[in-house]
Every structure is written in structure tokens, then in C-alpha cells.
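Structure record follows, encoded as C-alpha cells.
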Amino acid sequence: NPYFLLLPEFITRKNYFRDAVSCGAIKPLFLCPKQRYHFWSPIGLRDDGVKVGKTKTHKNLGLGVRNSPFVAFWYVSLAPLMDAESVLELCSRQKHGPELSQVFERCVLCESTESLPKEVKF
């Protein structure tokens with residue numbers, strides 16, 4: 001089934017993921033933001049996100065405490081509707097078109113973990 005999963009970067013280093021990719025059970029593409037995602041935790045849930053010695057914390061009364069516990073990006077597959085190669089080809093043709101230009105200003109579509117931008121692997 002097709003999927004778009006927002007998952008931590010460290011999943012790509014897990015044996016179960018590598019095994020599934022190497023045997024062909026899955027062939028995801030990776031939609032990686034050019035800037036690290038930040039997440040919001042409700043105030044009080046994680047000690048208000050304040051670490052010992054940390055003087056600045058991003059808080060919002062409506063959203064909570066901003067944190068970024070891990071690098072995350074989208075694991076994408078449109079199979080069986082469209083294989084990875086077709087998705088890559090379509091995106092490369094439409095990259096500068098009105099539908100996708102804003103996406104590719106903020107994200108990079110990668111075929112493999114080796115082609116992920118180095119700066120996402122903090």
C-alpha cells in the first residue's frame with residue numbers, strides 16, 4: 001500500500017530496515033526537509049523541556065514547548081500505484097512547475113539513504 005511516514009532518521013540504520021530494503025521488500029524514497037523539523041510537547045509533559053543549565057526554551061501557550069529530539073524525514077512509497085523510478089522521473093520533470101516548486105524549495109527527494117543531505121545526519 002502507498003505510504004507517507006514521518007519517521008526518525010535513525011530508522012535507516014536499523015537492521016530490520018536495512019534487511020527489508022536489501023531484499024526488496026520495501027523501496028522507499030526519502031523526502032527530506034532542508035531544515036530540521038521541530039515538534040511541540042504540551043507544557044508540563046516533559047518537565048517543560050528544560051534541561052539543566054538551559055536558559056532559553058521556546059514556549060507557546062497554545063502549542064507547548066518546542067523540541068527537536070531527533071532528525072526526521074518522510075519515508076515515501078506510492079507502490080503499487082507508481083514505482084519509485086516513476087515518482088523520481090515525474091518529480092524531476094515537474095520540479096520547477098507551479099505544483100511542486102514550493103515543495104522542492106523546502107525539501108529534497110532522495111532515492112537512497114546514501115543520497116540524503118549530510119546535514120540531516122546530526
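The values are calculated or read from the model by the stated rules, or taken from the named source; none is laboratory data. Nothing here was measured: the structure is a model prediction, and the numbers come from that model. Ligands, DNA and RNA are excluded from the accessible area calculation, which covers all protein heavy atoms including side chains. Shrake-Rupley method; radii C 1.70, N 1.55, O 1.52, S 1.80 Å.
To the nearest 10 degrees, how steep is helix 84-94 against the longest Cα principal axis of the chain, on a 0 to 90 scale?
Around 80 degrees separate the two axes.
Just to confirm, what accessible area per residue do you get for the chain at 1.4 Å probe, in whole Å²?
Numbers: 8610 Å² over 122 residues.
Accessible area per residue: 71 Å².
Build a GNM of the chain with springs between Cα atoms under 10 Å: which of Val21, Val108, Val87 gets the top mean-square fluctuation?
Per the Cα network of the chain with a 10 Å cutoff, Val21 tops the list.
Where does the chain land at 222 nm, in deg cm²/dmol rounded to the nearest 500, when only DSSP H runs of n ≥ 4 count, each adding -39500 (n - 2.57), divided by all residues?
-5500 deg cm²/dmol
Stick to Cα atoms and the Kirkwood definition of Rh, then tell me Rg/Rh for the chain.
Ratio value, two decimals: 1.05.
If the elastic network links every pair of Cα atoms under 10 Å, which of His96, His58, His38 fluctuates the most in the Gaussian network model of the chain?
His58
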